[in-house]
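Read through the structure below, which is laid out as structure tokens, and then see the notes.
Please treat every number below as a calculation from the coordinates, not as lab data. Quick caveat: nothing in here was measured; it's all calculated off a predicted structure. For neighbour counting, all protein chains shown are included, and Cβ atoms are generated from backbone atoms with ideal geometry for every residue, glycine included.
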Amino acid sequence: MKKSITLVAGSQHTKNSLVKQLREYLSDVAKIKSYAIDEGIDNKIRDELVIISSLAAKDELIQLDKLDLNCEIIVANRTISYDHIDEIVLLPPGTDVLFVNDVKKSTYEGIKALEKLGIDYLNYIPYYPGVKEVRADIDIAITPGEADKVPSYIKRVYDIGPRIMDFTTITKILNKLGILDKRAGQFSRKFLKKIINIAKRLAQLNKTISELNQHLNHVIDGLNDGVLVYDNQGYISVFNENLKKIFNLRFSQAIGKNLKQVIYNKSLLKYLMDRSISEEKIFNIHDTKVLVNKFQLPNSDYVIATFKNVKETIEVNDRIKRELIKKGFYAKYTFDDIIGSSKKIKKLKDISKKLANTDLTILIEGESGTGKELLASAIHNASKRKNGPFLAVNFSALLNELVESELFGYEEGAFTGAKKGGKEGLFEQADGGTIFLDEIGDISPKVQAKLLRVLQEKEVMRIGGTNIKPIDVRIIAATNKDLSKLVDKKIFREDLYYRLKMGYIKVPPLRERKEDITQLIKYFIKTETREDIKIADEVIKKLKKYDWYGNVRELKNILSYMLAVRDNNYITLKDIPDRGFFKRRTTSFDINIELDEEQKFILKKIYELNKQGKVVGREKLAKTTKGTQYEMTKYQMRGRLDKLERMGLIIKKKGKHGTILSNKGEQILMDLMGNKGV
Ligand SMILES: Nc1ncnc2c1ncn2[C@@H]1O[C@H](COP(=O)(O)OP(=O)(O)OP(=O)(O)O)[C@@H](O)[C@H]1O
């Protein structure tokens, strides 16, 4: 027959965990009833055996008159559950932890229980609702199943579960039930199993830690620097491979030894052991200059020191610089890459080479695609700065708001979104080299003012900064606009204009040096394909007839097109793209041309008559004006045509061949017709 026992606990929480524990041993021999005082108890408790969770609970039951004192009563001794103990045994000795429980008494009991279990090396701070002194500088809490009472600032909570009945209590119960002899074996096995489980988990944890350790050791050994870790007494815990090399310690073991046994350099020893020194210092170790740096690990006894081979560090820095250059801070071209043997190109190269020998600021003017960047790059490579960086900045590609921070950098917190630690500007990055400022006409007045300062003072100040940094950078600026006109219009500062124009180069447009076209074509074929491509003479002849408003870049594009569409290794007339491919937009120089309605009318008439195959003269043109608002005599027409010729829009052919539109005139007319009609 099953025995009947009753368990009473203070709280429902404790009741549940104790019932669970009792069932493990007694479910087949006893019927277990259970009550929690906080749930309310109706009848007086009496049974063959009554187990009460604590003395406090017993006192409360007596006070409430809910306990029949004539029955067999066992008051449980409770201890920490071993199930979660492995989580806390690994906390470092001396760690401050809050021990959280429901009331003062059980809080102190819990702490005592942990200490009795041997976990007496933690610094327990008792905490329970209503506690007077609260320490807010603690990150870790341990609680026996009262996680909801842990204050919210705690970062890590170890809930070790409610305390369970201890070994002696269980033995007492088994004894009272008269089954101790039968159950002792099973009981101790279960108990042992738990211990073994903990041991297993700890062993696994140990294994993981030692693997992690090994991994970390590999990482530390793989570092380029020497790494040394020692405690305040000088005992070494880390001495990596690189450090062994620096100290010539190939085979001997340093870990566990004292610094004095390993390092004989007296001044280095003094530096390492003197806690008041924190700045880095250079020492001579086995004839090698080594830069040593050290710092105390926060909240610990340990000091970490790093050792850098000065020579290698410089070499690495150089390598990093070279890497930067690879990333595009590098001038690709030399004067040999500037193709052409026309007089104009020869003169251009000649002047540019001379300027390359100076450190003057240079302004390069020229239409788009004439090779201004190419030239700037060649000048840098021919200058004494050739081993320094070459940075090309294109202002038309940079967002206006970004120009300032890109060029001059900023300090941390200079504006919302500023990166932590601030950012180095392009001027700082170009230190020792050349900066190429393309489309300089596009910069804002604010940046113009800052740039002027850089040119005058040779120093930069980051946005939001107070430190002035001297820089050594040569500036080459370029524009495809007529900068002097922007100065006249007060869009560009005059003082900056003259500062930039210390050296001045004007790159001629391709249409003024058409004799270079053949050479350029051959050069581009060679650079674009390895195949042996021939090009028909008529093709070159025809290409020479175009006006090349897109300049060399346009020629290069057209060549790529022809290489793509050719049928075999021979480029013929049919491979030339039709007019639509050619650059229609006039250059910025030409955009300044403003035509009045009368001029547009005349250009349109010339175009229409030409299209009809008619020879156009001033008489015929004057006739077309009859009855229109532009009506004029042939003499008046002559004056108008002279002006259009001076503007480069028409060509008056000799003899009876009449007047035609120049390519430029045709392009402007096409643009007008395309955009708004004439
Ligand atoms: N004389 C030349 N010889 C060989 N290649 C050239 C020459 N001139 C220009 N190029 C090539 O034409 C292209 C345009 O040149 P680049 O970018 O230097 O012109 P740019 O004047 O700086 O143009 P933009 O004003 O549009 O910035 C490049 O591919 C360049 O290599």
Just check the chain against the gyration tensor rule for me: Cα atoms, a ≥ b ≥ c as the square roots of the eigenvalues, rounded for a/c under 1.5, and otherwise prolate or oblate depending on whether a/b exceeds b/c.
prolate
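Shape call for the stretch 23-179 from the C-alpha gyration tensor, a ≥ b ≥ c root eigenvalues: rounded (a/c under 1.5), prolate (a/b greater than b/c) or oblate? Each step should come with its number before you reach the end.
Numbers: a/c = 2.68, a/b = 1.73, b/c = 1.55.
Since a/c reaches 1.5 and a/b is larger than b/c, the shape of the stretch 23-179 is classed as prolate.
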Taking Lys469 as the anchor, which lysines have their alpha carbon closer than 17 Å to its alpha carbon, excluding any fewer than eight residues away along the same chain?
Lys423, Lys450, Lys458
Structure-based [θ]222 nm, the chain - -39500 (n - 2.57) summed over DSSP H runs of at least 4, per residue, nearest 500:
-12500 deg cm²/dmol
Please turn the phi angles of the stretch 362-372 into ³J(HN,Hα) values with the Karplus equation 6.51 cos²θ - 1.76 cosθ + 1.60 (θ = phi - 60°), one per residue in order, whole Hz, x for glycine and proline.
10, 10, 9, 10, x, 5, 5, x, 8, x, 5
Quick check on packing: order 266-275, 353-362, 435-444, 3-12 by the mean number of other C-beta atoms within 10 Å, highest mean leading.
435-444, 3-12, 353-362, 266-275
Using the alpha-carbon atoms, what tilt in degrees (0 to 90, nearest 10) does helix 104-116 show relative to the longest principal axis of the chain?
90
Those residues of the stretch 431-458 whose amide nitrogen sits under 15 Å from the label point placed on Ile491, 7 Å along Cα→Cβ:
439-446, 448
Place a point 7 Å from the Cα of Gln12 in the direction of its beta carbon; the residues of the stretch 86-116 whose amide N falls under 19 Å from it are 102-103
What distance in nm separates the simple spin-label points at Val103 and Lys526, each placed 7 Å from Cα in the Cβ direction?
9.9
Backbone N within the stretch 91-128 under 18 Å of label point (7 Å from Ala147 Cα along the Cβ vector):
98-102
How long is the gain from Lys652 to Glu619 if the chain were fully straight, where each residue apart is worth 0.36 nm and the alpha carbon distance is subtracted?
10.5 nm
Leu360 versus Gln296, label points 7 Å from Cα toward the beta carbon: distance in nm?
6.1
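What's the FRET efficiency of Ala418 with Glu280 using the Cβ-Cβ distance as r and R₀ = 25 Å, to the nearest 0.05? The partial results should precede the final answer.
Numbers: r = 29 Å, r/R0 = 1.14.
The calculated FRET efficiency here is 0.30.
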Roughly how big is the chain's charge dipole about its Cα centre, with Cβ charges of +1 (Lys, Arg) and -1 (Asp, Glu), in debye to the nearest 20?
3640
FRET efficiency for Tyr504 and Lys386, using Cβ-Cβ distance with R0 set to 30 Å, rounded to 0.05:
0.85
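Show me the ranking of peptides 21-32, 499-510 by mean Cβ neighbours inside 10 Å, starting with the highest.
Numbers: 21-32: 15.7, 499-510: 19.3.
Output ranking for 21-32, 499-510: 499-510, 21-32.
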Distance from the stretch 133-206 to the stretch 1-20 (C-alpha centre basis), Å:
17
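With respect to the cross-link table entries Lys2/Lys190; Lys3/Lys112; Lys541/Lys605; Lys514/Lys605; Lys347/Lys664, which display a Cα-Cα separation exceeding 32 Å? Present the calculation step by step, with values, prior to reporting the outcome.
On the way: Lys2/Lys190 22 Å; Lys3/Lys112 34 Å; Lys541/Lys605 29 Å; Lys514/Lys605 30 Å; Lys347/Lys664 26 Å.
Those over the limit are Lys3/Lys112.
Loop-only check: which GluC sites (Glu not before Pro) in the stretch 107-185 are DSSP coil with at most 15 other Cβ within 10 angstrom?
On the way: sites: Glu109, Glu115, Glu133, Glu146; in loops: Glu133, Glu146.
Here the sparse-neighbourhood loop sites are Glu133.
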What length, rounded to one decimal in nm, is gained on full extension from Leu91 through to Leu402, with 0.36 nm per residue of separation minus their alpha-carbon distance?
106.9 nm
Gain in span if fully extended, Lys346 to Asp181, counting 0.36 nm per residue against the direct Cα distance
48.0 nm
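Under 1.5 on a/c is rounded, so check that first for the stretch 593-675, then, if it is not, pick prolate when a/b is larger than b/c and oblate when it is not; a ≥ b ≥ c are the square roots of the alpha carbon gyration tensor eigenvalues.
Working: a/c = 1.36, a/b = 1.12, b/c = 1.21.
Here the stretch 593-675 falls in the rounded category.
Based on the mean of other Cβ atoms within 10 Å per residue, sort peptides 663-670, 635-642 so the most packed one is first. List each step's numbers first, then the result.
Values: 663-670: 19.8, 635-642: 15.6.
Averaged packing, sorted descending, gives the order 663-670, 635-642.
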Neighbourhood net charge (10 Å Cβ-Cβ; Lys/Arg +1, Asp/Glu -1) for Pro508
+3
Which of the aspartates and glutamates could a cross-linker span from Lys652 if the Cα-Cα distance has to be under 15 Å and same-chain partners fewer than 8 positions apart are dropped?
Glu619, Asp642, Glu666
Where does helix 180-222 land angle-wise versus the long Cα axis of the chain, in degrees 0 to 90, nearest 10?
30
Label-to-label distance, nm, for residues given as Glu608 and Ile198 (7 Å Cα→Cβ offset)
10.6
